[in-house]
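Encoded as structure tokens, the structure appears first; notes follow it.
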Amino acid sequence: MICPHCAEQLTARQRTGQQCAHCRHRFALEPRVHGRGMHDLRIRRIAERATDGGRLKVTVTQLWYLCRTSSYVWDAQPARGIRAGVRWAVALGIALPALAVGLRVQGWAAALGVTITVIAVVVASSLRHRPASAARWSVSPTESVFRQLMTGPWQHTYGELPPGVVDDGPRATEPRASAAGRPRAVLLCTDHAVAVFLRANDVPKRLRVGLVESPPHIAHLADVPAGLPVVVLHDASALGALLAPLLRLARPGTVVVDAGLPVTAVRTRRGAVHRVSDTSVDAADLRSVAGLSEADAAWLARGHWSPLAAVPPRRLEWAVTAAVARALAARPAEPRPTDGFLSWPADAPAGTDGPSSTKEATSG
């Protein structure tokens with residue numbers, strides 16, 4: 001490990017107690033204690049890249065996704081094999097009578113009885129039963145562990161979070177930014193970390209839009225002001241995919257731009273963050289209402305989803321800016337069904353990380 005202060009290569013003995021043996025300075029994270037990849041230089045490097053060299057502010061949640069060392073998801077599995085109680089009941093029902101016959105008679109009949117007994121016991125012992133398992137996911141380190149590292153050892157050592165990182169936890173004081181004057185459009189955001197990111201970077205004020213943070217449920221759409229174009233920001237999830245179509249039905253004539261993370265960008269992409277929820281939405285509804293493909297609808301119907309906060313911050317900021325511009329240029333009679341991440345223009349400005357295809361929307 002390299003010392004974050006003097007840049008000396010340190011062996012395990014030279015960094016005992018999270019203190020450099022050369023410069024005597026303390027560092028916050030020790031990979032042997034806090035997990036693989038958790039060391040000061042790596043966190044600083046990722047934070048520097050995420051903040052675009054200090055131009056942006058990012059949240060702890062966004063930094064967590066960028067600093068993750070692994071992420072996995074396992075599909076639900078049905079039960080397989082025969083339960084032990086059932087197979088041993090059947091095996092004993094066969095073996096005991098066969099053994100009793102084998103002990104009472106002689107000759108080939110006795111040998112047959114013993115053979116049947118042995119076969120029944122061996123088969124019952126060799127069979128295995130695997131119970132059904134629910135779908136599950138894993139990101140390492142976990143969000144709670146990473147947040148504790150940032151607000152605990154890191155702040156204790158350096159007195160603050162990494163430069164450009166803001167806390168979006170439940171007890172954090174969120175930076176507020178309001179639209180300058182009367183808003184021209186509305187940003188409907190279903191991700192708390194993304195909403196904090198937008199406020200921290202004065203995106204609502206700069207774009208002159210109102211920001212409404214709300215869960216992806218149609219019951220909360222009453223919070224969206226009427227008469228203004230709406231840009232919808234959501235995760236690649238079942239409820240997120242349905243939000244823009246339902247808003248169009250609830251607000252006829254309103255321009256609704258779907259700038260959410262599309263399923264096609266993350267479903268098969270290696271390295272994308274996949275998570276699993278217990279939300280149940282029928283695949284047929286996703287195909288008919290949201291217009292998703294059969295594969296994308298089936299993926300969401302199994303509970304899979306991918307968080308919008310995992311999108312690289314610079315790319316996220318650019319996509320929101322582009323989606324607002326399109327919402328303001330669209331006519332109420334000609335709303336686009338999807339926009340934002342789904343249709344990145346070919347002439348993306350240099351330095352915006354605009355992908356050449358939608359599948360690049362979540363590369364980190």
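What to note about this one:
- Against the test of being within 12 Å of the chain's Cα centre (by Cα), in a loop (DSSP other than H, G, I, E, B) and either of a type in the set (Val, Ile, Thr) or within 14 Å of Thr190 (Cα to Cα) (or both), the options Val273, Val281 yield a single qualifying residue, Val273.
- Residue within segment 147-159 that is in contact with a strand residue (DSSP E or B) (Cβ under 9 Å, 6 or more places away or on another chain), of a type in the set (S, T, N, Q) and either at pLDDT below 90 or not in a loop (DSSP other than H, G, I, E, B) (or both) present: yes
- Positions within segment 37-90 being over 20 Å from the mean Cα position of the chain (by Cα), assigned to a helix (DSSP H, G or I) and not charged (D, E, K, R), in sequence order: Leu41, Ala84, Gly85, Val86, Trp88, Ala89, Val90
- Among the residues making up segment 40-96, those that are touching a residue at least 60 places away in the same chain (Cβ under 8 Å), farther than 30 Å from Asp202 by Cβ and surrounded by 12 or more Cβ atoms within 10 Å (Cβ to Cβ) are Thr69, Ser71, Val73, Trp74, Asp75, Ala76.
- For Ala290: the one exception among (1) within 18 Å of Gln62 (Cα to Cα); (2) modelled with pLDDT under 90; (3) crowded, with 20+ Cβ neighbours inside 10 Å: (1)
- Any hit, segment 213-231, residues being in a strand (DSSP E or B) and at pLDDT below 90: yes
- Single residue of segment 246-264 satisfying the filter (part of a helix (DSSP H, G or I) and in contact (Cβ under 8 Å) with a residue 60 or more places away in the chain) that is farthest from Leu207 (Cα to Cα): Thr264
- Within segment 284-324, the residues that satisfy the criterion of being in contact (Cβ under 8 Å) with a residue 60 or more places away in the chain and farther than 30 Å from Ala185 by Cα are Ala301, Arg302, Gly303, His304.
- Tally, over segment 289-320, of residues that are among the aromatic types (Phe, Trp, Tyr) and more than 19 Å from the chain's Cα centre (by Cα): 1
The values are calculated or read from the model by the stated rules, or taken from the named source; none is laboratory data. All values derive from a computational prediction rather than experimental measurement. Here Cβ is always computed from backbone atoms with ideal geometry, including for glycine, and neighbour counts include all displayed protein chains.
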